[in-house]
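Colleague: The following block contains the structure, expressed as structure tokens.
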């Protein structure tokens, strides 16, 4: 049985309608180097979405490869229940040094969903152990925080989340970017809200929705005024995606809890972290018989190989001055997208740093124009992804200017080809 047949016989892909999957050509990624993916047929593609927003310094980076190999010669995995190890310890110290002020404690897990799930449970238990029954959370409309039940409960994308509503806890939903609406919700529910959770600056899975400048800082002030915790979900925005190490830095905001994943290992291995303050950490301290322990954990919590990759990735940020080198590429990306935005088939281009959403004009749902754009891009040598009819670009930070130009050029050509192929006269107003 060949690979494609075996895939179609046994694999179930995420966020994928399998019937459609089996009707299209399958790209089997065989290897990768830098910002290039190579399939089993030898065809090359620019990795235009950083292998789902997580690759930072490129594939097969020698510094990170060497760190993982060196750790393999020591220990591949050891539990953190009752034990500890050097890579997890060193990474926790480094993260605390980099994070916004006050985030000094690190709890490891294995994905963005679990990082946010942990933050929600920590916030709830913290208040319960202060004899306050705060079980409400405020999230934003069109929010996305992952796919476990808690993270789906604070999500707000109907297509992804509405089916599971009977399984979820109720939340309060604020209008993104609307400070007055956030203030209204907090004022109407005094003493009930455990935390506000949001993606700072950019709501990624919603189609790269951008918050107005100052919104994050205003929400921080409202949380302080109403005595509510602030959870910043930096799973997608962290590790340079917005031009700074963390999106919160743009507005000088320090949350009470911060969720990290995706780029934390440079895109090498599954790892996540929930950072919090000494104030929250101390709320869980007590005698054994008080049962104030945070009863949560994962088998691969703080996996040594993943922590070694993460440490090496942070070293690369420093040694290659990744963020400094990114600034001119962010400017270039803005210039390159101007002619894309001017196309009749494009409704709007939204961008913050290296996070781009190209919203297409209205086509019939069944036309799947966003998906067709990605197929056209693939034929031209680039891997990009749609969120409905929003085409997402989020290349590795290490992409060269030449490949960045080629990626945007291919995307523009793919939009032209896909929209021209749609039925004439069916472009909605």
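The values are calculated or read from the model by the stated rules, or taken from the named source; none is laboratory data. For clarity, every value in this text was computed on a predicted model and none was experimentally measured. So basically every Cβ, Gly included, is an ideal-geometry build from the backbone, and we count neighbours across all protein chains shown.
Colleague: Residue 373: closer than 27 Å to residue 14 by Cβ, modelled with pLDDT of 95 or more and in a helix (DSSP H, G or I), yes or no?
Modeller: Yes; evaluated as a whole, the condition is true for this residue.
Colleague: For residue 344, are the conditions met, namely being within 21 Å of the chain's Cα centre (by Cα) and exposed (fewer than 14 other Cβ atoms within 10 Å of the Cβ)?
Modeller: no
Colleague: If residue 362 satisfies every condition in (1) over 22 Å from the mean Cα position of the chain (by Cα); (2) over 26 Å from residue 28 (Cβ atoms); (3) part of a helix (DSSP H, G or I) but one, which is the exception?
Modeller: Residue 362 satisfies every listed condition except (3).
Colleague: Here is a list of conditions, (1) out of contact with any helix residue (DSSP H, G or I) (no Cβ under 6 Å at 6 or more places or on another chain); (2) buried (at least 20 other Cβ atoms within 10 Å of the Cβ); (3) assigned to a strand (DSSP E or B), and residue 391 meets all of them except one; can you say which number that is?
Modeller: Exception for residue 391: condition (1).
Colleague: So which of 350, 378, 409 ends up being modelled with pLDDT of 95 or more and not in a helix (DSSP H, G or I)?
Modeller: Checking each option against the conditions leaves just 350.
Colleague: Follow-up. Touching a strand residue (DSSP E or B) at 6+ places or on another chain (Cβ under 6 Å) and exposed (fewer than 13 other Cβ atoms within 10 Å of the Cβ): is that true of residue 73 in this structure?
Modeller: no
Colleague: Next question, about the same structure. Any idea which of (1) in the same structural domain as residue 261 (by TED's automatic domain parsing); (2) crowded, with 23+ Cβ neighbours inside 10 Å is the one residue 373 doesn't satisfy?
Modeller: (1)
Colleague: If the requirement is being touching a strand residue (DSSP E or B) at 6+ places or on another chain (Cβ under 7 Å) and either surrounded by 14 or more Cβ atoms within 10 Å (Cβ to Cβ) or not assigned by TED's automatic domain parsing to the domain that holds residue 313 (or both), which of these qualifies: 42, 34, 102?
Modeller: Only one candidate passes the filter, namely 34.
Colleague: Check segment 324-332 and report whether any residue there is surrounded by 15 or more Cβ atoms within 10 Å (Cβ to Cβ) and under 30 Å from residue 417 (Cα atoms).
Modeller: yes
Colleague: Looking only at segment 268-293, count how many residues are exposed (fewer than 15 other Cβ atoms within 10 Å of the Cβ) and either within 27 Å of residue 230 (Cα to Cα) or within 21 Å of the chain's Cα centre (by Cα) (or both).
Modeller: 8
Colleague: So, one more: For segment 290-304, does any single residue satisfy the condition of being part of a helix (DSSP H, G or I), in the same structural domain as residue 87 (by TED's automatic domain parsing) and free of Cβ contacts under 8 Å to residues at least 40 places away in the same chain?
Modeller: Taking every residue of segment 290-304 in turn, at least one turns out to be part of a helix (DSSP H, G or I), in the same structural domain as residue 87 (by TED's automatic domain parsing) and free of Cβ contacts under 8 Å to residues at least 40 places away in the same chain.
Colleague: Follow-up question, since we're still on this one. Checking the structure you have, find out if any residue of segment 9-29 is at negative phi, touching a strand residue (DSSP E or B) at 6+ places or on another chain (Cβ under 7 Å) and either exposed (fewer than 14 other Cβ atoms within 10 Å of the Cβ) or not assigned by TED's automatic domain parsing to the domain that holds residue 405 (or both).
Modeller: Within segment 9-29, one or more residues are at negative phi, touching a strand residue (DSSP E or B) at 6+ places or on another chain (Cβ under 7 Å) and either exposed (fewer than 14 other Cβ atoms within 10 Å of the Cβ) or not assigned by TED's automatic domain parsing to the domain that holds residue 405 (or both).
Colleague: Next up: For residue 334, state whether it is assigned to a loop (DSSP other than H, G, I, E, B) and touching a strand residue (DSSP E or B) at 6+ places or on another chain (Cβ under 8 Å).
Modeller: no
Colleague: Would you pick out the residues in segment 87-105 that are more than 17 Å from residue 245 (Cα to Cα) and either in contact with a helix residue (DSSP H, G or I) (Cβ under 8 Å, 6 or more places away or on another chain) or in contact (Cβ under 8 Å) with a residue 60 or more places away in the chain (or both)?
Modeller: 87, 88, 90, 105
Colleague: If we only count helices (runs of 4 or more DSSP H) wholly inside segment 37-151, which ones have 1 or more residues that are over 22 Å from the mean Cα position of the chain (by Cα) and within 24 Å of residue 219 (Cα to Cα)?
Modeller: Qualifying helices (runs of 4 or more DSSP H): 112-128.
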